[in-house]
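No lab work stands behind these numbers, since they all come straight from the coordinates. As the structure is a computational prediction, the values presented were derived from the model and not from experiment. Positions of Cβ are backbone-derived with ideal geometry, glycine not excepted, and every protein chain shown enters the neighbour counts.
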Amino acid sequence: MDIPLNLQVSGLLQQAIEAAQAAGDLPAFEIPTIKVDRPKFKEQGDYASGISLSLARPGKKAPLQIAGIILKHLPHADFIDHIEVIKPGFVNIFLAPAWLKNQVGQIIEAGSRHGWVNIGKGERVQVEFVSANPTGPLTIGSARNAVYGDTLARVYEAAGYDVQREYYVNDLGSKVRKMGRTLLTHYAGALGRSIRMPEEFYPGVFLEDLGRQIAGEYGSTYLDMPEKEAVHELGEIGIRRTLAAIEASLSEVNIKLDNWFSERSLYEDGTFERVFDMLKEKGYIFEKDNATWFKASAFGLEQDAVVIRSAEVIPEPDARPTYLASDIAYVWNKIVDRNFSKAVYVWGADHQGDKPRVLAAMQALGLDPARVEIILYQLVTLLRDGQEVRMSKSSGEYVTMTDVVHEVGADALRFMLISASHDQHINFDLGLVLKQSSENPVFYVQYAHARICSILRKAEEEGYQVGSGSDFEKLYDPAELELIKKMVQLPEIVSQAVRDYSPHYLPHFAQDLAATFHLFYRDCRVIDADAPELTSARLGLVNAARIALANTLDLMGMTAPERM
């Protein structure tokens, strides 16, 4: 399906209004965006629009009268059975049963592509996510970033976009030295040499273990060289080893990145210098308090922002650029040098103050801020037996993503971390996702898929063929039609998830689809030796449900188990 059904309905209403204007039944006016919803109650149809109410003033007629005019000019569509206009002017659209039945074969034919749409038309989009400082393993907080970003990239791909997944590596300046000094202390200790831990260091057992590993591999190599050189070398090793550990952790939850972008490269290839000079020429860079500032206030922000810190405060030149300095060069690299049509950033909520500065810098550089979307996600609270699992990254006490995966599995982790909108806090109950009951949404959805596979296996064992050649006109029960209506929503879910940057629509849809299937299975006998044609049609319907549910699970990066 190139265009989701709700957008097709919206398009028909647009055509009807334009035709009414051309015929003189409505005056000329700019047609607003036509919103089409799925009503809460079945008697209100499968789709509904209140566009007539919005057109009352420009159309100079009562909403009910406008709705009638729209209905008069509405083009024919084979998926529409009938339309009802109700007070005060809502247009309620009912899907045609014959069209719905035909969709079963269409879903089976589409297979793994069911749910895919082509609204992106190959447009290049980058989703940059995770991007945690490579100073330790991914925590459960970073896991939310990872799962959200990867799932968003998956729905972008399903919507017809050319997607790149990127990790931005903070490998510049003081972070590398801090890593090197921390490792030098642990490394020396492993070799029986006591070196005092610096005031600023990265805590946690991960770097303690890494220090011991390096000692085992290199012996006293880094104790036999000048300390500054040893700190540099160990910092580089630490960054590389940590990134390798992060990549392995991401692989455990079915995430593979296309590109690992080095912050350092923005300075080595001259990008920062070029962008800095542009801003300076435009008058948006100035000196104050021995530091270099960006004039963010010229774009409505309350305060200007430092881009290069004072040499009197920060002696090392590579540590003077602020995060904003790199962010400005990085956004130029994405939008201009690599020419992505859209660049999506996934940041923690603590970056709320950074977002407007990046967008202001884009305006200063003459770039369209609409080409960037910065998503700020909220925190995750881990619960065990109703009690919060305490964490503090600053003290090295944290729960890693790998810890949780090894306890509850990658599927449960992914499902739970996209179960709420990115701007909502998540309570992740470890006990809940281990329950094998309907209370556990992960189990509920995956069990539905396994149950479907069990039905199909039983049918094949009894000699039935499961294919798309069935006569789906034999389907008649309301529960069958409701199941089809639910399955054909998947393209809409994909489209809406991209539109709203909201992959959390997927787990909710998966639960609805599973529940709709269970109701169908309760009300309709699938295998009936006395009704072979109906059995064949219902087996086709069950197979289509398997495809729809498996594709939804795949979009969430989860497995679709055949047995549980």
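Considering all different alpha carbon pairs of segment 343-394, the Kirkwood hydrodynamic radius works out to 13.4 Å. Relative to the longest principal axis of the C-alpha atoms of the chain, give the angle of the C-alpha long axis of helix 323-332, reported between 0 and 90° and rounded to the nearest 10°. Rounded to the nearest ten degrees, it is 50. Working note: 222 nm ellipticity from helices only, DSSP H runs with n ≥ 4, each -39,500 (n - 2.57), summed and divided by the residues of the chain, gives -15000 deg cm²/dmol to the nearest 500. Converting phi to 3J(HN,Hα) with the Karplus coefficients 6.51, -1.76 and 1.60 and the offset θ = phi - 60°, segment 64-80 yields 5, 5, 5, 4, x, 5, 4, 4, 4, 9, 5, x, 5, 9, 5, 8, 9 Hz in sequence order, with x at every glycine or proline. Using only the C-alpha atoms, the convex hull of segment 252-352 corresponds to 160 Å³ per residue. With Rh defined as the Kirkwood radius, the inverse of the mean 1/r over Cα pairs, the Rg/Rh of segment 174-254 is 0.99.
Eigenvalues of the alpha-carbon gyration tensor of the chain, scaled by 5 and square-rooted, set the equivalent ellipsoid semi-axes at 51, 34, 18 angstrom, largest first. Report note on the peptides 160-168, 483-491, 519-527: ranked by the mean count of other C-beta atoms within 10 Å, highest first, their order is 483-491, 160-168, 519-527.
Roughly how many nanometres apart are two label points built 7 Å out from the Cα toward the Cβ at Ser194 and Ala311? Placing both labels 7 Å beyond Cα along the Cβ direction yields 4.0 nm. Between Thr381 and Ile426, Asn427, Phe428, the built amide H atoms are under 5 Å apart, and every one of these is 5 or more places off in sequence or on another chain. With 0.36 nm allotted per residue and the present C-alpha distance subtracted, the Leu434-Ala370 stretch has 18.8 nm of extension available. Charge tally for Ser421 (other residues, Cβ to Cβ under 15 Å; Lys, Arg +1; Asp, Glu -1): -1. For segment 352-360, putting each phi into the Karplus relation 6.51 cos²θ - 1.76 cosθ + 1.60 with θ = phi - 60° gives couplings of 4, x, 7, 4, x, 5, 5, 5, 5 Hz, in residue order, rounded to whole numbers and with x for Gly and Pro.
Given a Förster distance of 35 angstrom, what is the FRET efficiency for Asp471 paired with Ser251, based on the Cβ-Cβ distance and rounded to 0.05? Computed FRET efficiency for Asp471 and Ser251 comes out at 0.15.
The alpha-carbon atoms of segment 5-95, seen along their principal axes, cover 33, 25, 20 angstrom, with the largest extent given first. If the segment from Ser265 to Lys72 were pulled out straight at 0.36 nm per residue, it would be longer than the present Cα-Cα gap by 63.3 nm. The HN-Hα couplings worked out from phi for segment 128-138 by the Karplus form 6.51 cos²θ - 1.76 cosθ + 1.60 (θ = phi - 60°) are 9, 8, 6, 6, 5, 3, x, 10, x, x, 5 Hz, whole numbers, x standing for Gly and Pro. Along the Cα-to-Cβ line of Leu243, 7 Å from the Cα, sits a label point; which residues in segment 134-165 have backbone N less than 17 Å from it? In segment 134-165, the label zone of Leu243 (backbone N under 17 Å from the point 7 Å along Cα→Cβ) covers 134-138, 165. Inter-part distance, segment 237-255 to segment 518-559, computed on C-alpha centroids, equals 39 Å.
For segment 178-298, the relative contact order comes to 21 percent (Cα pairs under 8 Å, sequence separation of at least 6). Annotation for Glu236 and His508: the two label points, set 7 Å from Cα along the Cα-Cβ direction, are 5.0 nm apart.
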